[in-house]
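Everything below concerns the one structure shown next.
Every read-out reported here was derived from the displayed coordinates using simple, explicitly stated rules and does not represent laboratory data. Not measured: the values here are computed from a predicted model. Every residue, glycine among them, receives a Cβ derived from its backbone with ideal geometry; neighbour counts consider all protein chains shown.
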Amino acid sequence: MLEIKVNDTISLKQLQPEHAPMVFGQIHTSRKTLRRFLPWVDYNTHEEHSYRFIQLMQRKADDQEAIAFGMWENKTLCGVLDLHNWDHQLQKAEIGYWIGEEYQGKGIVSASCRALITFAFKNLRLNKIEIRFILQNERSAMIPIKLGFTKEGTLRHSAKLHGQYVDTVVMGMLKADWKY
């Protein structure tokens, strides 16, 4: 299991099947908040769904296509951060994240993203990382802005949220521009 130390109280641990109850618990207690911008929340209604997600991400990690981490603060799982759409030829990937409602606004996601980005550039030899979010998700937008990402564009009607087409913003960071 891969683990990345973020700071004295936060760490990223690669998700394991035994984490499924905790992942589901955070989704369930924060369902109303998370579903505003994450359509998959409506389909994660049982612990088994979180378990299957973790299994899928483990297979993708074995194939070097993606990797999912639990964000842990003081030994409590508070959210999930992943690296996905890993393109080895272009040496780029995307970061996705969500955090439980009671942990929002504490800087956990920003600090965790910073650690994962540094790891990806140094250890995985990526050249570019993208973060995509739904245009209306202002809180999610603050993460790449705070980290110094560049807005690369808005993809019109590139996602569907609760039956409605929505625009997605793409922000990117190049290895050459990253401040370690």
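Quick look at the numbers
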read-out	value
Long pairs among LYS13/LYS75; LYS32/LYS75; LYS146/LYS175; LYS60/LYS146, criterion Cα-Cα beyond 20 Å	LYS32/LYS75; LYS60/LYS146
Region 3-127: relative contact order as a whole-number percent, Cα under 8 Å and 6+ apart	26
Dipole of the chain [Lys/Arg +1, Asp/Glu -1 at C-beta], most positive-end residue of PHE53, ASN85, GLY107	GLY107
Signed unit charges on C-beta, dipole axis of the chain, positive-most listed residue GLY25, ALA66, PRO144	PRO144
All aspartates and glutamates inside 17 Å of LYS160 as judged from Cα atoms, apart from same-chain residues fewer than 8 positions distant	ASP42
About the Cα centre, charge dipole magnitude for region 1-107 (Lys/Arg +1, Asp/Glu -1 at Cβ), debye	260
The chain - mean residue ellipticity at 222 nm from DSSP helices (-39,500 (n - 2.57) per run, n ≥ 4, rounded to 500)	-9000 deg cm²/dmol
Within the chain, longest stretch clear of exposed trypsin sites (Lys or Arg not before Pro) (DSSP loop, no more than 16 other Cβ within 10 Å)	126-178
Computed magnitude of the charge dipole of the chain (debye, nearest 20; Cβ of K, R +1, Cβ of D, E -1)	440
Correct option for Cα extents along the principal axes in Å [calculated from the coordinates] among (1) 41, 38, 32; (2) 64, 34, 27; (3) 45, 32, 31	(1)
Under the span-like rule (Cα at least 15 Å along the axis, Kyte-Doolittle mean at least -1.0), DSSP H helices of the chain	108-123
Karplus 3J(HN,Hα) series, Hz, for region 83-95 with 6.51 cos²θ - 1.76 cosθ + 1.60 (x for Gly, Pro)	10, 9, 6, 6, 10, 6, 5, 8, 6, 9, 7, 10, 10
Net charge of neighbours whose Cβ lies under 10 Å from the Cβ of PHE24, counting Lys and Arg as +1 and Asp and Glu as -1	-2
